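Below is one structure, written out as structure tokens; comments come after it.
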Amino acid sequence: MIVGIVTPSPLRRRMERVLQAEAGVDLVDLDAGGSVEFLGVQEGVACEVVASTRIQLPADPYGYLADLLAERAVSLSGAGEPELVAHTRPGKSLGHGEAVTFPPPVGARWAAVEGDRLVAPLQGDLGAVTVTATGIRGMVRLGIADVGDYLAAIAAVTPLLAAIREMDPLDAAVGAGLELAEFVSA
């Protein structure tokens, strides 16, 4: 199948590598013209490419990934909504705020409230997401910690992978190499 992406993201090359690893995907250069079967377009970017299926890619990959994990934790626990949804973002670490424990090696960080989640700026190459939900089946705590650009690239193309594979977005991300773990903070 012929696939293309339109994004201003500096992670474009990593996003392309994730897509090229998908069996049966022929990623094309959209500058050459033509049409594609699946087109992933980052939110807020105008695109005139002809596509059978156009998929919106998230502008905030970490936030999108956090929302996917929250949905899974709610489903597994039988909760009505998550108790905690938090993710890192590249930036200078905070000296105070809300305490959040991410999976190792990221660990405990200070975070600030942004909308319905907590965001912890983090210096360095790592990125992480953590969510907690408690429901009729007990508490479920899911998390991810890995190289930040890797997490963001997978999360950015997850809606496209889910459409190509015709499967749940989080399962598509795991199939692309995302390692999801249930964990207990120390």
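Quick notes on this structure:
- Using the Cβ-Cβ distance between Glu182 and Thr53 with R0 set to 30 Å, the FRET efficiency works out to roughly 0.35.
- Accessible surface for Asp116 stands near 130 Å², nearest 10, in the context of the full protein assembly shown (1.4 Å probe).
- Calculated [θ] (222 nm, deg cm²/dmol) that DSSP helices of n ≥ 4 give over the chain, each run adding -39,500 (n - 2.57): -8500 deg cm²/dmol
- Largest first, the residues Glu179, Glu83 sort by 1.4 Å accessible area into Glu179, Glu83.
- Carbon/sulfur fraction of accessible area - the chain, other protein chains in place, 1.4 Å, %: 51 percent
- Taken along the Cα-to-beta-carbon direction at a fixed 7 Å, the label points for Ala112 and Ser35 span 4.7 nm.
- Accessible surface calculations at 1.4 Å, restricted to protein heavy atoms, place the chain at 50 Å² per residue.
The values are calculated or read from the model by the stated rules, or taken from the named source; none is laboratory data. Predicted model, so just to flag it, every value in this text is computed and none were measured. Because the Cβ atoms are built from the backbone with ideal geometry, glycine has one as well, and the counts that use them run over all protein chains shown. SASA here: full protein model, heavy atoms, side chains in, ligands and nucleic acids out. Shrake-Rupley method; radii C 1.70, N 1.55, O 1.52, S 1.80 Å.
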